[in-house]
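Below is one structure, written out as structure tokens; the observations come after it.
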Amino acid sequence: MTLQDIINYSRKSILNDYTIPYAWHDDELVVYANESYMTITRDAKVLVDSSTAAVCQVATVAGTFDYALDSSVLYVTSAKLLSEELLTLNVAPTPSSWTAGATVTGGTSGKSCYIKTALTSTTYTIQNRTGAFTLGEILSDGTNSADQGTAYPTVADSSTSPRMLLKTTMLDRNRSVPNWRSGTREKTIRYLLDYRPDYITFYPAPDAVYTIALTVIRYPITAFSATSMSTQTPEIDSQFHHALIHGIAWQAFLKPGENTQNHKLSEYYYKLFRKQIADMKVRNNMYEANESTNGPLAAFM
């Protein structure tokens, strides 16, 4: 369902709001939809992301411990240090291909990477990428340029042995290594989430530029808008779109007014809303559970 479908269904099938001027304006219903959307993603933790570069990739700086997380991030479930990546173009550099040892920079993003190996004229093994490239930008090593199409360049993990970072805490670091903030720069092996609010901290401080790939639980990146509602689709699974509808109804029936306020209906739809969030949690628990079978029990001698 699109946002327009959700608003129309809420208005006509639940709120019985058929007559213009409507008792609930589109702007109001979209505010209720956004509140429901945020509640679902916060409580049910249904938006798990490892592919959105702006959210899930951190480019380290030598000697820097702390890096701001995207404002949409609720929690980091894992972090992986990539030793190398595969850069794919749809238009090869001209007049010549890039060679090993070249530094390539994006004309729009300003981000750069080191060419480790030229596999073909449009695929390269890269290292030390300083951030996400912009789709459609021109990449250049200063002599040879590649003007990319709207869906390129792409970057994917090609590490033969990526390093999974271990999660630790500030309490553990303070107990184990009291001077951990002033230690030697090395290849990062751990990460913390509790040293600085809304930041991820790497330990030891990185000794070079690395790409850290995160898997995160997050909020929606973009809030719903009352403009062009037919082009907006919730990121949550379609089977749970009715939770948004019930969340809208719960809030809509709290609006003061003879034709709008109904506390009993508000309570009814709130209970439906929370039930669907509970169902999402059950599904998450099943997905995250490990299958196991008990071995035979040893007999008493």
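The values are calculated or read from the model by the stated rules, or taken from the named source; none is laboratory data. Not measured: the values here are computed from a predicted model. Neighbour counts run over all protein chains shown; Cβ positions are idealised from the backbone, glycine included.
On the basis of being more than 29 Å from ASP194 (Cβ to Cβ), surrounded by fewer than 16 Cβ atoms within 10 Å (Cβ to Cβ) and in the same structural domain as THR150 (by TED's automatic domain parsing), does SER13 make the cut?
Here the answer is no, as SER13 does not meet what is asked.
Mind telling me which of the residues TYR67, TYR124 ends up being of a type in the set (Ser, Thr, Tyr), modelled with pLDDT of 95 or more and under 22 Å from the mean Cα position of the chain (by Cα)?
The unique qualifying residue is TYR67.
Based on what the data block shows, is SER225 assigned by TED's automatic domain parsing to the domain that holds VAL282 and assigned to a helix (DSSP H, G or I)?
For SER225, the condition - assigned by TED's automatic domain parsing to the domain that holds VAL282 and assigned to a helix (DSSP H, G or I) - is not met.
Could you please give the count of residues in the stretch 44-64 that are under 8 Å from the mean Cα position of the chain (by Cα) and either among the aromatic types (Phe, Trp, Tyr) or surrounded by 17 or more Cβ atoms within 10 Å (Cβ to Cβ) (or both)?
Within the stretch 44-64, residues that are under 8 Å from the mean Cα position of the chain (by Cα) and either among the aromatic types (Phe, Trp, Tyr) or surrounded by 17 or more Cβ atoms within 10 Å (Cβ to Cβ) (or both) number 4.
Would you be able to say whether some residue in the stretch 187-208 is more than 26 Å from SER51 (Cβ to Cβ), part of a helix (DSSP H, G or I) and not aromatic (Phe, Trp, Tyr)?
Taking every residue of the stretch 187-208 in turn, none turns out to be more than 26 Å from SER51 (Cβ to Cβ), part of a helix (DSSP H, G or I) and not aromatic (Phe, Trp, Tyr).
If I filter the stretch 25-43 down to residues being under 17 Å from GLN276 (Cα atoms) and either at pLDDT below 95 or of a type in the set (Val, Ile, Thr) (or both), which single residue comes out as surrounded by the fewest Cβ atoms within 10 Å (Cβ to Cβ)?
THR39
Would you check if THR215 is hydroxyl-bearing (Ser, Thr, Tyr) and either farther than 29 Å from LEU47 by Cα or in contact with a strand residue (DSSP E or B) (Cβ under 7 Å, 6 or more places away or on another chain) (or both)?
Spelling it out, THR215 is indeed hydroxyl-bearing (Ser, Thr, Tyr) and either farther than 29 Å from LEU47 by Cα or in contact with a strand residue (DSSP E or B) (Cβ under 7 Å, 6 or more places away or on another chain) (or both).
Among the numbered criteria (1) surrounded by fewer than 22 Cβ atoms within 10 Å (Cβ to Cβ); (2) touching a Phe, Trp or Tyr at 6+ places or on another chain (Cβ under 6 Å); (3) farther than 17 Å from LYS80 by Cβ, which one does ALA249 miss?
(1)
If the requirement is being modelled with pLDDT of 95 or more, surrounded by 12 or more Cβ atoms within 10 Å (Cβ to Cβ) and either in a strand (DSSP E or B) or more than 24 Å from the chain's Cα centre (by Cα) (or both), which of these qualifies: THR215, THR233?
THR215
Which pairs have Cβ atoms under 7 Å, sit 6 or more apart or on different chains, and link a residue in the stretch 63-85 that is in contact (Cβ under 8 Å) with a residue 60 or more places away in the chain to one that is surrounded by fewer than 16 Cβ atoms within 10 Å (Cβ to Cβ) and aromatic (Phe, Trp, Tyr)?
ASP66/TYR199; TYR67/TYR199; ALA68/TYR199; LEU69/TYR199
How about the stretch 140-160: which of its residues are more than 16 Å from GLY110 (Cα to Cα) and charged (D, E, K, R)?
ASP157 - this is the single residue of the stretch 140-160 that is more than 16 Å from GLY110 (Cα to Cα) and charged (D, E, K, R).
Inside the stretch 101-111, can you point out the residues that are part of a loop (DSSP other than H, G, I, E, B), within 13 Å of GLN127 (Cβ to Cβ) and touching a strand residue (DSSP E or B) at 6+ places or on another chain (Cβ under 6 Å)?
ALA102, the sole residue that qualifies.
Kindly list, by first and then second residue, each pair from a residue in the stretch 109-123 that is closer than 18 Å to THR60 by Cα to a residue that is assigned to a loop (DSSP other than H, G, I, E, B) and hydroxyl-bearing (Ser, Thr, Tyr), limited to pairs with Cβ atoms under 6 Å and residues at least 6 apart or on different chains.
From residues that are closer than 18 Å to THR60 by Cα, the pairs are SER109/THR134; LYS111/THR130; SER112/THR130.
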